[in-house]
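What follows is one structure encoded as structure tokens, with my remarks underneath.
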Amino acid sequence: MWVRKAFYWVQLVAIAVVPVWIIVATSIAPTGLGAQDILVFLAWPALALAQVAVLGITRARKAVRQQHILSWVDVAALSTWYAVAIAYGGFVAAASRLGAGLTGGLLIVVTIAVIALAVWQLVTAARAHVRTVMASLDYTAVPAGEYRASANTGPTSPGSGDGDVYRITPPQR
């Protein structure tokens with residue numbers, strides 16, 4: 001349980017730490033990656049925005065907001081995501097073009113998967129909540145026999161309509 005609670009708070013820290021790791025890795029690379037440096041420059045803000053989006057989607061779930069605990073699925077997805085991002089930074093720092101290219105592609109795929117998973121969990125939680133609310137609704141608004149209706153078929157005033165008038169009187173308490 002403490003791991004799930006820790007990952008709830010790690011999400012906030014990771015928004016700053018993971019992109020900064022990629023920036024630092026780029027700056028300590030001995031020779032750079034050439035044309036891939038442009039992709040690295042685009043990767044860290046995109047990663048930060050994706051992390052903010054996942055944070056917002058995850059915290060939109062009522063259970064997460066109330067208990068400050070992520071699900072095990074969230075923990076597994078975020079662990080994978082952070083590990084791939086850290087590996088990407090490691091390959092960038094080592095100036096390994098092949099390693100940076102492969103982990104960069106994997107980072108894109110994992111990022112899309114984590115966002116899709118967060119949306120799926122939000123939709124599932126919302127659907128369960130709506131089902132609970134709909135099941136708890138009482139479709140019998142007025143108990144049978146509680147109110148008496150009487151028809152007034154006498155003369156009506158001009159312009160008030162041509163139909164019968166029904167008056168519902170609640171029981172006297």
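The values are calculated or read from the model by the stated rules, or taken from the named source; none is laboratory data. Please read these numbers as outputs of a predicted model, since none were measured by experiment. Here Cβ is always computed from backbone atoms with ideal geometry, including for glycine, and neighbour counts include all displayed protein chains.
A few notes on this one:
- Subset of region 46-100 (residues that are within 25 Å of residue 22 (Cα to Cα) and among the basic types (Lys, Arg)): 97
- Against the conditions (1) within 30 Å of residue 128 (Cα to Cα); (2) in contact (Cβ under 8 Å) with a residue 24 or more places away in the chain, residue 22 satisfies every one except (1).
- Checklist (1) among the acidic types (Asp, Glu); (2) modelled with pLDDT under 90; (3) in a helix (DSSP H, G or I) applied to residue 146, failing item: (3)
- So residue 76, is it closer than 16 Å to residue 110 by Cα and more than 21 Å from the chain's Cα centre (by Cα): no
- The residue list 81, 44 contains one member that is closer than 18 Å to residue 100 by Cβ and at pLDDT below 90, which is 44.
- Identity of the residue in region 73-131, touching a residue at least 24 places away in the same chain (Cβ under 8 Å) and of a type in the set (D, E, K, R), that ends up surrounded by the fewest Cβ atoms within 10 Å (Cβ to Cβ): 97
- Out of 50, 85, sole residue that is among the small types (Gly, Ala, Ser), within 24 Å of the chain's Cα centre (by Cα) and closer than 27 Å to residue 129 by Cβ: 50
- Filtered by the rule that a residue be at pLDDT 85 or above, in contact with a helix residue (DSSP H, G or I) (Cβ under 6 Å, 6 or more places away or on another chain) and of a type in the set (Val, Ile, Thr), region 88-114 gives 103, 110, 111, 114.
- Some residue of region 126-138 being touching an Asp or Glu at 6+ places or on another chain (Cβ under 9 Å) and either modelled with pLDDT of 60 or more or not small (Gly, Ala, Ser) (or both): no
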